[in-house]
Amino acid sequence: MQAKLNELFSALSDATRREILIMLLEDDMAVTDVAHPFDMSLPAISKHLTILSNAGLITQERRGRVNWCKLEPDGIRDASVWMLSFGQFDIPDIEDLERLIESHIDLTKKN
């Protein structure tokens, strides 16, 4: 369990990977579409996706000639349970989460 949490928190520690997760909240995306907003090479994005995949946060699937990424919402469950075990954290309100996502989407559209 500890090794899994380490891998999960390590994956979440990078801002690019967190941005990718936020993008995938909307829908599944082709790898090339995931890479589009970032100023980095496709191999660099692929490394980020591999880390997210290894942490169980996303899955990658080949559909025809295109590689697709899908958010795995249960992937973050271990981290949530671990944080909730401290008793200091309230269960997230879905409306708060929606507001956070919407504000983030608004910020990315401005850039």
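The values are calculated or read from the model by the stated rules, or taken from the named source; none is laboratory data. Computed from a predicted model, the values in this text were never measured in an experiment. All Cβ positions, glycine included, derive from the backbone under ideal geometry; neighbour counts span all protein chains shown.
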Conditions (1) touching a Lys or Arg at 6+ places or on another chain (Cβ under 8 Å); (2) under 22 Å from Leu100 (Cα atoms); (3) buried (at least 17 other Cβ atoms within 10 Å of the Cβ) -> His48 fails only (2)
If we ask which residues in the range 48-65 are outside any helix (DSSP H, G or I) and closer than 17 Å to Leu5 by Cα, their number turns out to be 4
Every listed condition ((1) modelled with pLDDT under 80; (2) under 14 Å from the mean Cα position of the chain (by Cα)) holds for Lys109 save (2)
All-but-one check, Ala11 against (1) out of contact with any Leu (no Cβ under 7 Å at 6 or more places or on another chain); (2) surrounded by 14 or more Cβ atoms within 10 Å (Cβ to Cβ), failing number (1)
Residue hits (the range 32-45; surrounded by 17 or more Cβ atoms within 10 Å (Cβ to Cβ) and closer than 14 Å to Val66 by Cβ) are Val34, Ala35
It is to be established whether one or more residues within the range 60-75 are among the β-branched types (Val, Ile, Thr) and buried (at least 16 other Cβ atoms within 10 Å of the Cβ). no
Residue hits (the range 51-73; over 25 Å from Ser103 (Cβ atoms) and without any contact (Cβ under 8 Å) to a residue 24 or more places away in the chain) are Ser53, Thr59, Glu61, Arg62, Arg63, Gly64, Arg65
Within the range 1-23, the residues that are assigned to a helix (DSSP H, G or I), of a type in the set (S, T, N, Q) and without any contact (Cβ under 8 Å) to a residue 40 or more places away in the chain are Gln2, Asn6, Thr16
Condition set part of a helix (DSSP H, G or I) and under 16 Å from Gly75 (Cα atoms), scope the range 24-47, selection modelled with the highest pLDDT: answer is Leu24
When you look at Ala79, is it at pLDDT below 90, surrounded by 10 or more Cβ atoms within 10 Å (Cβ to Cβ) and either hydroxyl-bearing (Ser, Thr, Tyr) or closer than 21 Å to Met1 by Cβ (or both), yes or no?
yes
Original post:
On the given criteria, is Leu100 at pLDDT below 95, more than 15 Å from the chain's Cα centre (by Cα) and assigned to a helix (DSSP H, G or I)?
Top reply: no
